[in-house]
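The values are calculated or read from the model by the stated rules, or taken from the named source; none is laboratory data. Just so it is clear, the model here is predicted, and its values are computed rather than measured. Reconstructed Cβ throughout: ideal geometry from the backbone, glycine too, with neighbour counts over all protein chains shown.
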Amino acid sequence: MTRVLPLLVLLAAHPASAQPSSTKPSCARVQNIQFPADDRPNAVQKARLKGCDSEDLYYGIAGPADPVKARLCAYQQMDSREELVFGGEAILMMVYAIGAGASRNPDLAIKLACVIEGAPAELDGRLRHLEALKDQRTGRVSFDLCDDITSGFMMGYCAAHDQRLARARRQRRWKSHFEGWAPAAREAFSHLRAMADAFFHARSRGEIDLSGTARAAIVIEEEERLEDSFVAMVDQLEAGNLPAATSVDYRTADRALNMAYDEVMKADATEIGTVTKADIRTAERAWIRYRDEWVRFARSRYPAVMPEAITTWLTQQRTKQLRGEDR
């Protein structure tokens, strides 16, 4: 099944696909290289692989990596002319470049690189990379579609790919936590998760300057930063490393947050790149709902933790975000 990528990835400017002159010798040399007939899926395999995801199979996202199935799936995608950035020709290029799931065939990898769309400098760098790998005879051969990217377009797709891998890892971690939770805690977490999603969306799209063609990658980078912080907080609480703070600590943190917010809203500039004060206001309201839901979840799952400890912790994080000190 073809995945739907984040909207901002699709909105990123598509690069010109013309080949720079320096790529022509490599592409001309390999244009008559044939695909090994035995590497293609047979009729039975095609039926079993209908709707397959070669990215998933190659990288082991939903389950263990299976480079052989990834290769068969990628052939099926290529033959059906599915337009996938991480699929078809791109997966086959990596398969033959390093010999994962098929015999290594550097020239075939180069041929595949020549038909993958990309910015001219990107294609040139990828071909030079593959030509250099041809002579490697010992040690582990490493090559990935994202190794030689230069365009904002591909930065967005590679960031989305990395995010998919990270989400799969996090999902496995969440699953290990959920197995020991009571139904009430799971329900409380589902509400917290919804508020987290809303705040992370508002923050990554409204409080970060998205000027330029790399905006998709910038959004995903911020989402991942927020997700990592969220997971780390739960991991810390699950490990019994409970935060301690008093009502006085919270009032101090709250005053610092109010000062930071007022400074941002009273600044002379009405916009910072693509960021507006309305965006900041929206994100702040989403954060308040996120903070309050954290307190409700903690009350259910971590009753020994005082609400002031949770709110102080979150408030200090939010202050750093507004002041740009969280990076």
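Across region 175-186, the number of residues qualifying as in contact (Cβ under 8 Å) with a residue 40 or more places away in the chain and in a helix (DSSP H, G or I) comes to 3.
Just the residues that are surrounded by fewer than 18 Cβ atoms within 10 Å (Cβ to Cβ) and part of a helix (DSSP H, G or I), please, taken from region 301-315.
Start the filter on region 301-315 by keeping residues that are surrounded by fewer than 18 Cβ atoms within 10 Å (Cβ to Cβ), which leaves 303-304, 307.
Once the filter is applied, which keeps residues that are surrounded by fewer than 18 Cβ atoms within 10 Å (Cβ to Cβ) and part of a helix (DSSP H, G or I), region 301-315 yields only P307.
Annotation: of all residues in region 75-125 being more than 19 Å from H161 (Cα to Cα) and of a type in the set (D, E), the one that is surrounded by the fewest Cβ atoms within 10 Å (Cβ to Cβ) is D79. Looking for something in contact with a Gly (Cβ under 7 Å, 6 or more places away or on another chain) and either assigned to a helix (DSSP H, G or I) or more than 20 Å from Y157 (Cα to Cα) (or both) - is there at least one such residue anywhere in region 194-212? Looking through region 194-212, none of the residues is in contact with a Gly (Cβ under 7 Å, 6 or more places away or on another chain) and either assigned to a helix (DSSP H, G or I) or more than 20 Å from Y157 (Cα to Cα) (or both). Scanning region 35-81 for residues that are in contact with a Gly (Cβ under 7 Å, 6 or more places away or on another chain), closer than 12 Å to L92 by Cβ and of a type outside the set (D, E, K, R) yields S54, P67, A70, A74, Q77, M78.
Here region 258-300 is the region considered, the condition is being surrounded by fewer than 16 Cβ atoms within 10 Å (Cβ to Cβ) and small (G, A, S), and the residue that is nearest to the chain's Cα centre (by Cα) is G273. The number of residues in region 152-208 that are under 23 Å from G324 (Cα atoms) and in the same structural domain as V219 (by TED's automatic domain parsing) comes to 14.
From the list A232, A245, A217, A253, which residue is in a helix (DSSP H, G or I) and closer than 21 Å to I288 by Cβ?
On the way: A232 fails: closer than 21 Å to I288 by Cβ; A245 fails: in a helix (DSSP H, G or I); A217 fails: closer than 21 Å to I288 by Cβ.
Result: A253 is the single residue among A232, A245, A217, A253 that is in a helix (DSSP H, G or I) and closer than 21 Å to I288 by Cβ.
Taking the numbered list (1) modelled with pLDDT of 90 or more; (2) polar (S, T, N, Q); (3) in the same structural domain as R318 (by TED's automatic domain parsing) in turn, T213 passes all entries but (1).
Collect the residues in region 127-167 that are more than 10 Å from the chain's Cα centre (by Cα) and within 22 Å of A216 (Cα to Cα), keeping them in residue-number order.
First pass over region 127-167, keeping only residues more than 10 Å from the chain's Cα centre (by Cα): 127-155.
Scanning region 127-167 gives D144, L145, C146, D147, D148, I149, T150, S151, G152, F153, M154, M155.
One residue alone among R48, R71, R40 is buried (at least 17 other Cβ atoms within 10 Å of the Cβ) and either touching a Phe, Trp or Tyr at 6+ places or on another chain (Cβ under 7 Å) or free of Cβ contacts under 8 Å to residues at least 60 places away in the same chain (or both), and that residue is R71.
Report yes if A253 is of a type in the set (G, A, S) and surrounded by 18 or more Cβ atoms within 10 Å (Cβ to Cβ), otherwise no. So A253 passes the test. Of the set (1) over 25 Å from L108 (Cβ atoms); (2) of a type in the set (A, V, I, L, M, F, W, C); (3) part of a helix (DSSP H, G or I), all apply to A132 but (1).
Checked against the criterion of being modelled with pLDDT of 90 or more and more than 15 Å from A90 (Cβ to Cβ), the candidates A166, A132 yield just one match: A132.
I'd like to check something: does region 241-258 contain any residue that is without any contact (Cβ under 8 Å) to a residue 40 or more places away in the chain and of a type in the set (K, R)? Taking every residue of region 241-258 in turn, at least one turns out to be without any contact (Cβ under 8 Å) to a residue 40 or more places away in the chain and of a type in the set (K, R).
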